[in-house]
Amino acid sequence: MRIDYPRRNRVGWRRWFPSWRLILGTAVVAGVLAVGAFAAAVVLTPIPEPNDVARAQTSIVYWNDGTTELGRLGDVNRVDVPLSAVPDYVQHAVLAAEDREFYNHGGFSPTGVARAVMNNLQGGSTQGASTITQQYAKNAFLSQERSWQRKSKELILSVKLETTVGKDQILGDYLNTVYFGRGAYGIESAAQAYFAVPASQLTVAQGAMLAALLKSPEGMSPDRNPERLTARWGYVVDGMVEQGWLTKKDRAKLTFPAVKERSSSMQMTGTNGYLIDAVRQELGDRGITEAELGIGGLRIVSTFDQKAQAAAAAAVREQGPTEGTKGLRIGLASIRPTTGEVAAMYGGADYRKSPLNNATMAIGQAGSTFKPFALASALQNGISLDSMWNGDNGRDIGGYTVVNYGDESWGDISLLTATENSVNSVYVDVENTVGVDKVADAALQAGIPANTVGLTPNLTFVLGTASPHVIDLAHAYATFAARGIDTSPTTIVRVTGPDGSALYEAAASGRQVFDPAIADQVNYALQKVVTDGTGAVAQELGRPAAGKTGTTNDNKSAWFVGYTPQLATAVMMVKDGPNGLPVSLSGTGGLDTVTGGSFPARIWTAYMTGALEGTAVAEFVDPFADGSVVSPSPTDSPSPTMSPSPTDSPSPTDSPSPTTVSPSPTDSPSPTDSPSPTDSPSPTDSPSPTDSPSPTDTVAPTPSASP
């Protein structure tokens, strides 16, 4: 074929446009070369043995020093069985779930590959192999690499498998190596892990459930998402009917099978189990699956500091209550403000006894710990710390009669004094003046999640009727400590492969959500809470600290949230009743009323003392270093800019009635707005301290509204 280019017998742009013969000829040559290269690759690619595919390379989690082992992820469990030991209906369930045309295709589905390519090019979620042969090939090249090169290898191997071994062998090898969750690789281990029977004794319903898990062993775990798993199970058994592998009559008799309780690894014992599980969950959020963790040989450096974690466990053990502890939950979360790194976390006494993490999963009504968000919003809107407000008891504000703790009237006081003493009437007035929505926005800016239980914008918002997680309040206060920079919490510093290649590296990506001058004034006011107000116990830390106590109606939760420039820490105490609903803390530790200034503040102080031992004392930025002072002079209170309409009023189930806000030691969530964990720790779950606070150690509860 003679190439005449540019074309001499054409004029204009046609001289530069190739003839159809040249285009066709080039395409044919390229096609032949591509087919030849693909064929050569198929011939030269070795077929890995199943044992090679499932070779266990346990992933290790380290403390933040990068060398001391914290624990391991993935208790690999795998036992080979011949395909003949797997009932036909279990094989059919797997085919119905993963590859209904397995016995009819040549290893891959052209339409499936095209669909995955288009989805990936369009920026959708990563899609890959769809046939069982391709999935087995993917397992053979299992790594965290997500590249076209690996996809090509998988496609080549799938064709090689189909041309050299039988379908039954491919299916058998697949069933012996695929991951089912709970550390189980292969159908035999999965049958034992979920039903305590060998694969040969699985029922139709059980086999279908295991097949349903294959799509997402973590996302459809019966321990975490039983609803999704049940729906997927229905899809599998219906597919068996469609393929003629199960009769409609037998399908109608099937019910979702009972699953045995998951047994925790011994390495998850004690408080460290909560840390390892938190790392596992964040890895999943970052796209690293449990299958990859189980045999990928990853090396994960966590953010957890061994000294700080020991201090957290010791603080709860030594400063927590010793009596009246049945159903008690204590949660602690500590964050480095500038990086978002979680330095320590107390989720409970023993992960194996109670896997619900009190720091990240349990909730409690926040009480007066929400007042700093109103303070920040007020400062943003031109209201100063020395502005004067009426702190009298029983004031009517926006249709609510607000009662201060102890029915105390304070007269005209500054916003700073109201902060130190947590005066309800002033803070409800501030919220009404600034605007409920603006105060709620400040909470969201600081880091309180928008989906927090009970987070309803109304006049009781400032009194803490919402129920956040412990780590949420630690995060929000860390934003103030970082001078208004919000950095999302993380438990991971970096992840590397078994060959040392970097797979993930944390990078602090903070956002300036409050002006530094605003944050500095919030910090100044919250330091006064410690030096002159309800958080006086924290003075024992012996270095500059800011913080806020929080208690709720009926004494159903108690908080202390505080920080230095280096570390922000939240401590919460709640108690579950026999039915799993929150009950009063009264009687805990021998106290009639457990306030944020009692056990929570003592635990916080003991923890921070241990965690910061040996570190330099850091000072907060003084917002009045230019010589200005906060010395209030009596002035008229700012006029309210809005009053809530009837639609703004909280409902009877989650907040005060429309007519009064009556004080009591604490703010209590109703059963409908403050769900409690379903499992309660036994008295042995609550660490025993060496001493309990005397009555003189107990600071009066933070004033708060009663529902």
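The values are calculated or read from the model by the stated rules, or taken from the named source; none is laboratory data. These numbers come from a predicted model, not from an experiment. Note: ideal-geometry Cβ built from the backbone for every residue, glycine included; neighbour counts use all protein chains shown.
Details
- Qualifying residue in region 331-346 (condition: over 18 Å from T303 (Cβ atoms) and within 19 Å of the chain's Cα centre (by Cα)): no
- Residues within region 520-540 that are touching a residue at least 60 places away in the same chain (Cβ under 8 Å), touching a Ser or Thr at 6+ places or on another chain (Cβ under 8 Å) and farther than 24 Å from Q380 by Cα, tallied: 5
- Of all residues in region 560-602 being in a loop (DSSP other than H, G, I, E, B) and among the aliphatic types (A, V, I, L, M), the one that is modelled with the highest pLDDT: L567
- Selection within region 84-102 - aromatic (F, W, Y) and farther than 13 Å from A199 by Cα: F102
Rundown of residues vs (1) in contact (Cβ under 8 Å) with a residue 24 or more places away in the chain; (2) surrounded by 13 or more Cβ atoms within 10 Å (Cβ to Cβ), yes/no style:
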{"position": "V241", "(1), (2)": "no, yes"}
{"position": "K248", "(1), (2)": "no, no"}
{"position": "F256", "(1), (2)": "yes, yes"}
{"position": "V259", "(1), (2)": "yes, yes"}
{"position": "G270", "(1), (2)": "yes, yes"}
{"position": "Y274", "(1), (2)": "yes, yes"}
{"position": "R280", "(1), (2)": "yes, yes"}
{"position": "L283", "(1), (2)": "yes, yes"}
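- Any hit, region 199-213, residues being among the hydrophobic types (A, V, I, L, M, F, W, C) and not in a helix (DSSP H, G or I): yes
- Taking the conditions (1) buried (at least 24 other Cβ atoms within 10 Å of the Cβ); (2) within 25 Å of I485 (Cα to Cα) in turn, P544 satisfies each one other than (1).
- Extreme residue, nearest to G597 (Cα to Cα), among residues of region 497-533 that are part of a loop (DSSP other than H, G, I, E, B) and charged (D, E, K, R): D515
- Among the residues of region 297-326, those that are at pLDDT below 95 and surrounded by fewer than 24 Cβ atoms within 10 Å (Cβ to Cβ) comprise G297, R299, T322, E323, G324, T325, K326.
- H469 being modelled with pLDDT of 95 or more, under 24 Å from F620 (Cα atoms) and of a type outside the set (A, V, I, L, M): no
- Candidate set: region 82-103, residues that are of a type outside the set (F, W, Y) and farther than 30 Å from G284 by Cα; chosen: the one surrounded by the most Cβ atoms within 10 Å (Cβ to Cβ): V86
- Region 348-362 residues that are assigned to a loop (DSSP other than H, G, I, E, B), paired with ones that are of a type in the set (K, R) (beta carbon under 8 Å, 6 or more apart): G348/R329; N358/R329; A362/R329
- Just one of (1) of a type outside the set (A, V, I, L, M); (2) in contact with a helix residue (DSSP H, G or I) (Cβ under 7 Å, 6 or more places away or on another chain); (3) under 19 Å from T549 (Cβ atoms); (4) surrounded by fewer than 24 Cβ atoms within 10 Å (Cβ to Cβ) fails for N458. It is (3).
- Residue-level check: of (1) in contact with a strand residue (DSSP E or B) (Cβ under 6 Å, 6 or more places away or on another chain); (2) outside the structural domain of P582 (by TED's automatic domain parsing); (3) among the small types (G, A, S), A333 misses just (2).
- Residue under evaluation H475, criteria (1) crowded, with 24+ Cβ neighbours inside 10 Å; (2) at pLDDT below 95, criterion not met: (2)
- Test: V574 is more than 22 Å from F370 (Cα to Cα) and either touching a residue at least 60 places away in the same chain (Cβ under 8 Å) or not assigned by TED's automatic domain parsing to the domain that holds E341 (or both): no
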